[in-house]
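First the structure, in the form of structure tokens, and then the observations on it.
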Amino acid sequence: MNFPYIYNFYSTRKIMFLVIIACIPGIFTKYYFFGSGTLIQILFSILVSLLLEVNILKLRFKKIKNNLQDNSSVLTSVLFGVSIPSLLPWWMVVIGLFFSIIIAKHLYGGIGQNIFNPAMVGYAVLLISFPIDMNNWHERDFSISFLNDFKQSVNIIFSKNYKCSINSDNSTNYINKNITPDAFTEATPLNNFKIKSHLEDNFFPQESILKNKKVTIQNSWKYINISFFLGGIFLFFKRIICWRIPISFLTSLGIVSMITYFYSKDLFMSPLFHFFSGGTMMCAFFIATDPVTTSCTNIGKIIFGCIIGFLVWIIRNYSDYPDAIAFSVLFGNMIAPFIDYNTKTSGYGHNNI
């Protein structure tokens with residue numbers, strides 16, 4: 001078990017704050033492609049998580065002010081809010097955050113005691129319970145103003161008449177009698193790969209994405225991953241995260257996907273597709289590097305990253321779920337103590353018997 005306030009010259013509060021700052025490029029890139037719903041989900045997630053945190057701290061007879069100042073709940077809600085679809089209904093968000101804050105965090109004793117990543121626990125619960133809603137994303141309508149987009153997103157997220165229907169092309173309609181039929185979503189590239197079993201060759205088109213406002217979901221996830229990659233570089237230079245987990249994770253995923261891609265380009269995705277689809281870069285720099293739930297030895301961190309990268313490839317190719325970040329990270333969290341036990345080093349001057 002690890003503690004976030006050990007082996008770092010930053011305080012826990014400062015670490016959490018810097019990670020939130022590093023998420024800003026990815027958040028605003030996601031807003032650019034998916035609209036105001038992204039910002040609404042993050043703000044609503046912060047509000048819900050703080051309310052849950054306050055109530056559970058009261059039940060545990062803990063000091064509320066001191067515990068809220070560590071920014072851990074805010075970071076959990078930011079990571080959770082940026083992971084879920086932009087038009088997910090509010091009550092699903094509450095369910096996910098309940099499992100994140102109450103079950104995954106405080107049931108194990110609070111910050112520094114949890115063995116599973118709280119944000120990924122809530123995300124996994126929603127993915128298993130509501131797979132259709134969790135795998136469809138609303139493209140931003142560039143023809144309407146920010147205010148109209150914001151109002152439309154609020155109407156869908158907080159609607160009492162929410163209904164999700166699947167179209168023949170694997171897209172989704174969010175139906176609400178109070179809104180116009182502009183709320184239309186598409187499946188992500190990983191969803192499409194599951195259905196079509198093959199990929200287009202022009203993953204990186206020559207035409208600039210900023211010159212074409214009718215962007216595809218595929219292009220949007222590429223730029224979102226690049227934004228989170230830049231945020232991860234910021235964390236690296238601030239010495240918030242160690243290079244071992246991100247590099248081993250991406251190397252493992254890249255090597256396995258490259259071998260299988262060269263074996264059959266029709267059956268397997270290329271390394272670039274894996275790197276720039278779904279939540280790959282967010283996982284590499286923001287999720288897998290959680291100091292509490294990951295391995296704490298240097299060799300263990302490399303093994304931890306390699307296992308997660310391999311599991312992401314396995315689940316993306318052979319399971320019913322298009323993305324695999326949450327399940328891979330949670331499995332890695334589960335075996336992290338075992339990895340630490342088998343990779344720990346003896347103290348100086350101590351002989352192994």
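The values are calculated or read from the model by the stated rules, or taken from the named source; none is laboratory data. Quick caveat: nothing in here was measured; it's all calculated off a predicted structure. Quick reminder, even Gly has a Cβ in these numbers, built from the backbone with ideal geometry, and neighbours come from all protein chains shown.
Remarks
- Condition met for Ser72 (at pLDDT below 95, of a type in the set (Gly, Ala, Ser), farther than 19 Å from Ser227 by Cβ and outside the structural domain of Phe286 (by the TED database)): yes
Residue by residue, here is whether (1) crowded, with 19+ Cβ neighbours inside 10 Å; (2) closer than 21 Å to Ile115 by Cα; (3) of a type outside the set (Ser, Thr, Tyr) holds:
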{"site": "Met16", "(1), (2), (3)": "yes, yes, yes"}
{"site": "Ile24", "(1), (2), (3)": "no, no, yes"}
{"site": "Thr38", "(1), (2), (3)": "yes, no, no"}
{"site": "Leu47", "(1), (2), (3)": "no, no, yes"}
{"site": "Leu51", "(1), (2), (3)": "no, no, yes"}
{"site": "Asn55", "(1), (2), (3)": "no, no, yes"}
{"site": "Lys63", "(1), (2), (3)": "no, no, yes"}
{"site": "Asp70", "(1), (2), (3)": "yes, yes, yes"}
{"site": "Thr76", "(1), (2), (3)": "yes, yes, no"}
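- Scanning the range 254-269 for residues that are buried (at least 21 other Cβ atoms within 10 Å of the Cβ) and in a helix (DSSP H, G or I) turns up just one, Ser257.
This table checks each residue for (1) in a loop (DSSP other than H, G, I, E, B); (2) touching a Ser or Thr at 6+ places or on another chain (Cβ under 6 Å); (3) under 22 Å from Phe99 (Cα atoms).
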{"position": "Lys30", "(1), (2), (3)": "no, yes, no"}
{"position": "Phe44", "(1), (2), (3)": "no, no, yes"}
{"position": "Leu51", "(1), (2), (3)": "no, no, yes"}
{"position": "Asn55", "(1), (2), (3)": "no, no, yes"}
{"position": "Lys62", "(1), (2), (3)": "yes, no, yes"}
{"position": "Ser77", "(1), (2), (3)": "no, yes, yes"}
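- Scanning the range 103-124 for residues that are under 21 Å from Gly279 (Cβ atoms) and of a type in the set (Phe, Trp, Tyr) yields Phe116, Tyr123.
- Among the candidates Ile144, Ile111, Ile115, residue that is over 15 Å from the mean Cα position of the chain (by Cα), without any contact (Cβ under 8 Å) to a residue 40 or more places away in the chain and surrounded by 14 or more Cβ atoms within 10 Å (Cβ to Cβ): Ile144
- Residue count for the range 236-253, restricted to those that are under 21 Å from Ser277 (Cα atoms) and surrounded by 19 or more Cβ atoms within 10 Å (Cβ to Cβ): 7
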